[in-house]
Each structure stands twice: as C-alpha cells, then as structure tokens.
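The values are calculated or read from the model by the stated rules, or taken from the named source; none is laboratory data. This structure is a prediction, so every number in the text was calculated from the model and none was measured. Methodologically, a virtual Cβ is constructed for each residue, glycine included, from the backbone with ideal geometry; neighbour enumeration extends over all protein chains shown. Ligands, DNA and RNA are excluded from the accessible area calculation, which covers all protein heavy atoms including side chains. Shrake-Rupley method; radii C 1.70, N 1.55, O 1.52, S 1.80 Å.
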Amino acid sequence: MNENTRLDPDKLLARLKQEEIKNNRGAFRIFFGMCPGVGKTYAMLGAAQEQHKLGKQVIVGVVETHGRIETDKMLEGLTVIPKKRISYRETVLFELDIDKILESKPDIVLIDELAHSNAPGSRHNKRYQDVMEILDAGISVYTTLNVQHIESRADIVQQITGIQVRETVPDSLWDLADQVELIDLSPQELIKRLKEGKVYLGDKAARAEENFFKEAYLIALREISLRFTAEKVDHDLQGHLSVRQLISPWNTNERLMVAVSHSPHSTKLIRAARRMAFSLEAPWIAVHIDNGLRLSQFDQSTLFQNINLARELGAEVISLYDSDIVAALNRVALEKNVTQIILGRPERRTFRILLDKLIQNTHFVDIHIIRQEKDSAELKEKRKINASPNILGNGPVPYFYTLYFLIMVTIISLFLNPYIGYRAVGFLYLMSVIVVGFRSTLGPILFAAFSGALIWDYVFIPPLFAFRINEVEDRMMCLSFVLVGVLSGFLARKTKTKERLLILREKKTNALFNLLKDFSTAMNSKAICDLTERSVQSLFGAQIKILLKNEKKIITRKSNSGDISEKEFALALWSFDNKKPAGWSTQTLSESHCLSIPLIVPGKILGILLFYPDMKKTLSLEDENLLNSICLQLANALEHLMLQEQNKDIQLFEESEKLHQTLLNSVSHEMRIPLTSIMGSVSALQDEKIQNYPEKIKLLNQELIDSCQRLNRVIENLLDMNRLSSGLLTLKKEWMEASDLAQSVISQVKAKNKKIMLIEKTSQVYLSCDGLLLEHALMNLLLNAIAYSEENSTITIEIELVEEKINIRVIDQGKGIPEDKLDLIFDKFYRLPGSPAGGVGLGLSIVKGIVEAHNGRVFGHNRVDQQGAVFTIELPWIKPPMKLDEV
C-alpha cells in the first residue's frame, strides 16, 4: 500500500475491536419511524415471521398491538413470554421478563417500544438497558423506535411540535444497531390511517389528530427521520472503508474538503467551498495541516479567524500535525470519503510542487483550483512586517550564526589537523551541517553545506589556500561532502520538525490523560471544576471561571471562583442561549476580555467556561484545539456525575418505594391480626349464651388485653422508628440500676413454656440513661429471643461491667443466626428467612437506634457452647454519684 494512503493504525484497531464486539453479541435490528402508526411493529412481526419460517427460534418479549387486528394476527405461531408482574403503589404493572428470556436463550427476541421506562422495582430503569443485557448474552433483538425518542433529536422535535419528549434513548445505542430499517409513510396516508382507527382508538385518536398528528409536523418529522437514517448509513460506510483499507473513496455521495492555512486568501476558499457544498447539498470539511512551521502572531491570528469562519459556515473542522502536507490531505480525503478538494492557486514554486504531487496521488478526487487576487500594497507590507520564518530563514541573523559556528569549527580543526588529517576534518564539517539542520531552516543548512565545503577546500585540502583540488579522489570527497551535507541537514531539520509535532501531540495527550485521571477521583462538580481550573492554569497560564446550570436549567452569576461581572454574565448568557462560543478572539462580542465556551454534550448544554487569556498573546490553533478538548472532557465528566446522581436518586426512590410497600404490607398484616382477635372477642362477649360462663369471659378479656398490647407494640415501634429517623428523639436521662431495668422488662413479658433468668455477674451496676427507651430496647431483644427460642428452653439476661463498659446480654437457645446474615439483622424491615409469623422487621433496628443514641452499640453473634444466639447491648460506664454507691 502507498505510504500516503496508509490509514491511521489506532483508528483501524479501534474499528476492528468494535467489529469483534459486534461478532460476540447478538444482532441488533431497529425498525425506525417518524412517529406512531407508520407500521413499525407490523414490519417487525413480518420480519420475525420470515425468520421463524427459516427455522429460527423467535420469541415475543413485549409487543404492543394497541388493539390493531392486523397486528394481532401477525403474532400467530410465535411464542409469547408472559410479562412479569410488578406491584407498585397498590397497582400491578406488567413489564418485560428478562430472566425468562435469558433462560430460554432464543435466536431472536422481539421487544417493542425501545424507549419505554420500566416500572420501579424492575432490574433496569429503562427498557433499552434490558435490551443491552440481552444482546450481551448473544441473543439477537428486534425492536421499534420513533425519531422523537432519540436523545439528540428530542429538543428539535419539541421545538417543532411543542410537546416535551420524556422517554429517550442515547445516541450511542443507535450507533450499536447492526441494521436499521426505516418504515416510511407519507403524512397524508398516516392521517388517513388515523381517521380509520388504525393508529389509535376512540377519543385518543381525536386528541392525537388535534395535537401531534398535524400534516406540517409530520412532514418535518419525516425529514428528520430520513436524514437521521441517511447519517447512520453514511457512518456505517465510513467504518466499512476504514476496515477494508480501500485505496480510493466510494462516491456514494458528494463530500467536499477545503485546505485552510494562515493565508488571508483562505477566506475566499472557505466561502467558495460553502457555496459549492450548498449547491450540491453535500457536507464539507475544512482541514488545516500543521507542518511544524512557526507562525508569527499575525499569521496565528489570521489562521484563527479562518478556522472560526469555516465553523460558522457549517464546516467540520479537522486540524492535524504532519510534516508531509500532501500525505495528510490524501489521508483525510480517504478516511472521510471526500470526492472534491478545493485549493488556492499557489504563489510559490514549493507549493506548486506540492500541488502537482497531490494531483498525482489523488487521482480518485476532483481538485478545484480557485484563483487568488494579488495582495494589495498594504497587505504586502503588513505580511512583510509580521512575516513568519520562511523555509530559507527569516533575515540575515541565522546566516551570521551559521558562519560564526563554521569559524569556530575551523579553529578547532586547525589544532586537530596534524593529528587526524585533512580528510577526517571533512567529517567535522559534515557534523556541523547536521547540527545546523537541527537548529535552523533550509537556507542556513545549504549555506553551511557549501560554505563548509569551500573552507575545507581552501584551508585543508592540498594545495592549501587555493580553491583548487588536484586529486580526483579529493574532488569526489568534496562533492560527496556537499551532497551528503545537504541531505543530512535536510533530514535533521525534518526530524526536528517531527519531534516538535510529537511534543505537541504528547503535550495534548498527557494533559487530557492527567485531567481524565483526576476526574475519575472527583466526587462532585466543585472538585471537577477546580481540577479543570488548575489544568488550564498550568497549560495556558490563564484563569477560568465555570458557570453551571441550576435545577431550573439556567446559569447564574455564581461561578466556581466567585461571582462575575454583569458584562461577563451577559456574554455567558448569550453563549448559553445560542450554544456558540463568544467574546475574545471570536466575531461575536469580540471586545470582551474573556472567551465564553459552552459546555455541550449530545442533546443538551451543561454550562459555560469563561477563559481569561493573556491579552498580549494570541491563542494558537493547537492551543485552541487543546482548550476545546478540555471543555469537551469537562462536559463529559459533568454529565457522568449528573447521571450518577440521577441513578442514585432513582435507586433511592426505588428503595423508598420498596420500603413503603414492605411497611404497608407488614403493618397491615400486624394490625389486622390483633384487630381481628379484638373483634372476635368483643363479638363473643356480646353473645348472651357466654354470659353464664365466667371462665370463658375471663379468657376473652385476657385475649383482648393481649391483642391490645400487641397492637400497642406495633404502634410504639412505628413511632419510635419515626423519631429515630427524623433525629427528633431526645433522651431524658436518669440514674437507675441495670438489674431493676431487667426485672421491669421480665415482669412485663409472658413467655409460655419458656424460662427467663437474670444473672448479675457484676452487682449494683448503675446506668445514666433514658429508662423508658432503654427498657423498650431490652424488651425488643427479649421478645425477639422468645420468638426464636425452642419450647421449654431458657432465656438468660446477663449484666456485667467489663473494662468500663456495661454489657447487657440476652442469650437464647434457639437455632442461631446464619453467619452471612449477621450484618443484616439490624436493618430496617429485614427479617430472617423462615421467621415466625408476626412482626414487621423493625424491632432490632429500633434497638440499634436507641442504643446508639446512648453512645453505645449493639451486636449479635452465635453461641459457642451450644446452639443459640447472643445479643449484647454495650454502653459506656459512667461513675455514679457517691450517694448511689452508698445505697
């Protein structure tokens, strides 16, 4: 393959990795349309039936027919997976059963309405996340999608229709599609289907016709869907070209490229390219190749203006570092499938040679040469004053330095000549030419080569001090010296230029790498903004301020570094509203002393970065590209943080809903049992027949008391948990003996067929505590031990003072606690598997809250001596007053 047409190996490797990932997952086919009713689901079922006839196992995960008879008939013969039932706020919802699909492992699964949001409690928040998991399992997916649900197109659809789209899918999912089938229908035909009841039924169809299904809206949506599909096809073609390494583009569509430099005449080329692209309705690219030539401040400013003009006119701007301009242009033309290149008529012979070389190497591309007007006298004078160093050197200074260097080499050679000989001296001059090549341009290199040859001949080659060489061998050496010197110097200069370009690339790569590494550890937006500020300060020596949008999706004057002035805020507000850079170095509000750059991610804007440059310097193109890359990474980091926070909110909401449902179920169950018992006892007491049996009346009264106590415990637990969770719990501490606390609890508990013992390992242990709350905590532990203990077993309460810690242990002879559940038993609403009926899972959680409010801790573990569990309340010991010790 020609060196100039060789593709970027990194891009090629990335594309091959994408192909490998696609091969390892299921095929993803999207049936795409402009809006509901065009026939996406029907087309999907038709394709599924074809695959079913070919012997593929096709199952239906979710298909919404909306009562359409024709669509219902298309389901015949296909296996339908029942939907999963999910309870949500006393309502039963039905969602895709992803576990059943993964268990079935079909060849193809049909999943309608890709942008659907799953009910709380589902595995994933969005249906497209279910699809991704299914694809990763190697199962192919057929799905449907409307254009308004694409993230990057949602705001456009909202502007057209005035309807906000809440359910969207990221554009990255669209890029993963192996096949997109556009289901197209004319707006007139769609409206006809709507009126015939083939889209919606009843009042819904009438409302749709009045709002969304207007002919003007449908025409616009149709154009968006057609263009979006065309972009997908074009993107896939580009990937195919990069993998196949074709040596010429496929002219499936016109695509223009204009070469942009620091010349003032580039503006004419850019406008000509825009006119041609507009007339051809073709995309166009503006390419700048940095070949290492150092530009003056005037040329940098001109280049910056040219690039901004191309952006404003709608070009895709590409900036590359390459010492070979022709090879770089050829490579971009091949990668971007360019069909036409626009260039200016070259003035210098060097650029004419480059043009001839480009024409020879790009025979597959049409090249347009645009005539250029001659520079005016004023422009010539300005360019002369602000001229960049040219290839032959800028002024006589480099030549004087080169001559001075050769004189120094001559002096050294005069001392060495008697020892090494005049021929060896020639190599010293050859090395000096190479040194000049690393430090200067082509002019001084040629000057060093020819001057070195003349000095060598005049001073060292016999006959001395004469420009004459007698020996043929010496003549050949002198000629070879000139040729080798010129070639070596030129190669040294080229190597130095490439080294400079590599340093620039490394600078940008390291800056972005370090910034991304720091972003990965940042926990909030303030930290991300501070990291960006430090990075920009170190790279550009400039200050920045970052304004982020608030919950109302607007920016305020408050930045990460304090408030900004009214003028700066007005600049930022314009940039935020228009999603374009403004201020210093732009064509909008250019008198501003700062540059406003919008922080944009696909589909939305997150804020504004204000860049305060050194007004004495002009921002070079490579610095502008680096700054834009930093802004892009900043926007991506902020979006990632926002998504994480949204995910946490969703998880918190789901957890809240789950706790709400659990609490509702448990409390209703716990309250229903004693209420049922109370109602039964009261009804029995009203029976006249039972009035003659005092013993039965006594039993019924006791049943009423027990049921009321159980109901009271449920209510107390709920109230205590509410106080603990809200932080409103206040302790009313008093001194009391631990044994008295235990005796009080034991006296209130009735444990049938179970024995309760109190053992004081340390006597007269006094506590400073809230007696009622701590009694409630110990009561919960004791009731828990009773519930999990075997019949005729013993429950022991131990009191011991150990190393200034008061330990109150409740020891039972039950089955114990599974080791993997010890960390969960104090969580709210958690109950061990196989727990006895009754209870809502709040008892131990309340114990933990009360004990921690006393600056203590509670923990549980299994007994070592025999079967059973031990729960320990550990409280700090405080020396009681003297009067208590004397009791």
Between Ile139 and residues 5 or more places away or on another chain, which pairs have amide H atoms under 5 Å apart, with H built 1.01 Å from N, and which residues are they? Gly26
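Leu772 to Thr65: extension gain in nm, 0.36 nm per residue of separation minus the Cα-Cα distance? Mind showing how you got there, number by number?
Working: separation 707, 0.36 × 707 = 254.52 nm, distance 6.16 nm.
This chain segment gains 248.4 nm when fully extended.
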Residues of region 767-794 with amide nitrogen under 16 Å from the 7 Å Cα-to-Cβ point of Leu699? none
Take the Cβ-Cβ distance between Arg863 and Gln129 as r, set R0 to 41 Å, and report the resulting FRET efficiency rounded to the nearest 0.05. 0.35
1.4 Å probe accessible area per residue over region 420-510, in Å²: 56 Å²
Antiparallel bridge percentage (DSSP; both residues within region 726-809; nearest 5): 60 percent
In a shell of Cβ-Cβ distance under 14 Å around Lys696, excluding Lys696 itself, what net charge do Lys and Arg (+1) and Asp and Glu (-1) give? -2
Summed residue charge, Cβ within 14 Å of Lys100's Cβ, Lys/Arg positive, Asp/Glu negative: -1
Just to verify a number: FRET efficiency for Asp178 and Gln57, C-beta to C-beta distance, R0 = 22 Å, to 0.05? 0.75
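Given contacts defined as C-alpha pairs under 8 Å and at least six residues apart, what's the relative contact order of region 469-610, whole-number percent?
Working: 136 pairs, mean separation 19.6, N = 142.
Dividing the mean separation by the residue count of region 469-610 yields 14 percent.
Rounded to the nearest 5, what % of the DSSP beta bridges within region 78-172 are antiparallel ones?
Numbers: 6 of 11 bridges.
The antiparallel fraction comes to roughly 55 percent.
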Among region 102-129, those whose backbone N falls under 15 Å of a label point 7 Å along Cα→Cβ from Glu50 are none
Which FRET efficiency value, to the nearest 0.05, do you get for Met408 and Asn514 by plugging their Cβ-Cβ distance into 1/(1 + (r/R0)^6) with R0 = 45 Å? 0.60
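Distance cut-off 25 Å, Cα to Cα: go down the list Lys549/Lys648; Lys40/Lys579; Lys698/Lys754; Lys56/Lys198; Lys268/Lys580 and report the pairs above it. Provide the component values of the computation, followed by the final result.
Values: Lys549/Lys648 20 Å; Lys40/Lys579 34 Å; Lys698/Lys754 23 Å; Lys56/Lys198 30 Å; Lys268/Lys580 23 Å.
Going by Cα-Cα distance, Lys40/Lys579; Lys56/Lys198 fall outside the 25 Å limit.
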If amide hydrogens are placed 1.01 Å from N in the peptide plane, which non-local residues have theirs closer than 5 Å to the one on Glu113? Thr144
